[in-house]
Structure formats: structure tokens, C-alpha cells
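Chemist: Attaching a single structure in C-alpha cells format; questions to follow.
Values quoted throughout were computed directly from the atomic coordinates according to the rules given, and no laboratory measurement underlies them. Since this is a predicted model, take the numbers as computed values, not measurements. We place every Cβ from the backbone using ideal geometry, glycine too, and count neighbours over all the protein chains shown.
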């Protein structure tokens, strides 16, 4: 039995990958949804699909989490409509480039810091006060194994995900004494648009990254998010690291040239 049926979940970065998979899974659990992402056409198609499949209520908004004013407007619009999210899945994030620090592109750095760190902060700052006033809420920040272990040429992406880990812990401590819970779900390798963005559309590099092993799918991560948010209200699952079986750390992946 779903504990979140009838509750309201806000998912950022919901137009593809882990965000879209989380939206589908939470909808299957019976949650109503608010979906935020930059690509409004994808959000609308996803909303129609899930409304027909599950009969839930869904709102969509074209929101770039890097735009603080846009985030504040979208959160205010939700509140004005009488909606206070019971669940926030802070998923919007990206990696851009893969280079040694002294050879990196500062434009890539800005994209990662503005999205992964500042974007998460803007959404949290806009939504958490609504949850505190309502006396309920669960924040799930999508982190990464890259926030636990540094790898070569990951530098700024690593730093951004270490920041997500610190912010998750900081939020949780600051919310002590409220009913608002904070969790972090930190995946290893997931095959999605993520790598295509990191490699600026170079699909040959994407294929090479996943050669010889089966990575996680976005649905695998969404399954873990569903488990976390379905925990009883007196239970907080603070942190989950989820990896494909072929991966044991950022440095250890077993690659087999056989069928995957």
C-alpha cells in the first residue's frame, strides 16, 4: 500500500531522465504532481500521459532553477493555488565537460554550480518555508556517488555534488524539531541524457562510458526514491547510495564485453 497516495509531489528537472522517471513512479504511487523543467513541451506530454494512466492532478511550469525569480514565482503560484508540496524531489542537475581543473571551461563550471548548487538552494528556500508552516514535508535531494568520492577530471562536478551532500545534512539539522524530513539519494552510473550533456552531444564518448557493463536506469533510481518517500513519517532515510552491481566505487567498474 502506498503511503503517498493523494499527497502532492514537486519534481524539478522533470522533463527527462531521473526526473521524468520519478514523476512516473510517484504518479503510479498515487501522488499528485507539480513538474518543473525548462522544456515545457516535454512536461506537457508527460503530464497528459500520467493523467490518462493514473487519474491524478498535475501542474507543469517552465522553470529554470538557475533563475531565482522564476523559482520564487512558480512556488508562489503553487501556494496561491492552495498547494503545499508534501514531497520535493530536488532533481535538476547536470555535469558539463570532463577536464583537468587547470584546463577546464569556466562556462561549464558556471552551469554546474548554478544548477546543482544554487538551483537546489533556490528551490529549497522557496519551498521549505511552505512545508514548515504546513507542519509536513519530505525533501529528497538527488546527489551522486561523485559527492562521496572524487575522480580524475571530475573536480567541479565533484565539488557541486559534495555541496549537495553538505546541504542535505545542513537542511536536516536546521529542520530538527519540525515534521519536515530530508533525504539524499546518490546514484552511481545512470544511463540517461546526463552523459550526453556532459560530453556536449558526443554520443561516441557516451557509448564508450557505458561499454561492457549495465548501468542503472532512471527507473532504478526512481524505485529508490519511491521507497524513501514511502517510509513511515517517524522514519527518515537520510542517505542512500545506489550503484549498478558492476560498479563498486567511482574507481571500480567491472566491464565485460559480453551481452548486457
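Chemist: Run through every distinct alpha carbon pair of the chain and return the Kirkwood hydrodynamic radius in angstroms, one decimal place.
Modeler: Taking every pair of different Cα atoms in the chain, averaging 1/r and inverting gives 18.6 Å.
Chemist: Can you give the Kirkwood hydrodynamic radius for segment 107-197, in Å, rounded to one decimal and based on Cα pairs?
Modeler: 14.0 Å
Chemist: Sticking with this one: Name the most mobile residue of 15, 168, 249, meaning the one with the largest mean-square fluctuation, in a Gaussian network model of the chain with Cα contacts below 10 Å.
Modeler: 249
Chemist: At q = 0.14, 0.18, 0.27 Å⁻¹, work out log10 I(q)/I(0) for segment 58-109 with the Debye formula, treating every Cα as an identical point scatterer and leaving solvent out; two decimals please.
Modeler: -0.54, -0.72, -1.16
Chemist: Under the definition of Cα pairs under 8 Å and six or more residues apart, what whole-number percent is the relative contact order of segment 8-253?
Modeler: Relative contact order for segment 8-253 comes out at 20 percent.
Chemist: Restricting to the chain, compute how many DSSP beta bridges are antiparallel as a %, nearest 5.
Modeler: Expressed as a percentage, antiparallel bridges in the chain total about 5.
Chemist: Same structure again: Which value in deg cm²/dmol, rounded to the nearest 500, describes the helix-derived mean residue ellipticity at 222 nm for the chain, given -39,500 (n - 2.57) per DSSP H run of n ≥ 4 and division by the residue count?
Modeler: -12500 deg cm²/dmol
Chemist: Please state, to two decimals, what the Cα-based radius of gyration of segment 126-260 comes to when divided by 2.2 N^0.38 Å (N = residues).
Modeler: Compactness ratio reported: 1.19.
Chemist: So what is the diffusion coefficient of segment 1-101 in µm² per second by Stokes-Einstein at 20 °C and 1.002 mPa s, using a Kirkwood Rh over Cα pairs? Walk me through the intermediate numbers first.
Modeler: Working: Rh = 13.9 Å.
The estimated diffusion coefficient comes to 154 µm²/s.
Chemist: Now for a separate question. Fully extended, how many nm does the chain gain between residue 227 and residue 193 (0.36 nm per residue separation, minus their Cα-Cα distance)?
Modeler: Net length gain for the segment: 9.9 nm.
Chemist: Return an integer: the convex hull volume of the alpha-carbon atoms of segment 197-260, in Å³ per residue.
Modeler: So the per-residue hull volume is 120 Å³.
Chemist: May I ask you to compute the full-extension gain from residue 133 to residue 48, defined as 0.36 nm times their residue separation minus their alpha-carbon distance, rounded to one decimal in nm?
Modeler: Stretched fully, the residue 133-residue 48 segment lengthens by 27.5 nm.
Chemist: Would you please give the FRET efficiency between residue 107 and residue 211, computed as 1/(1 + (r/R0)^6) with r the Cβ-Cβ distance and R0 = 35 Å, to the nearest 0.05?
Modeler: Result of the calculation: an efficiency of 0.75.
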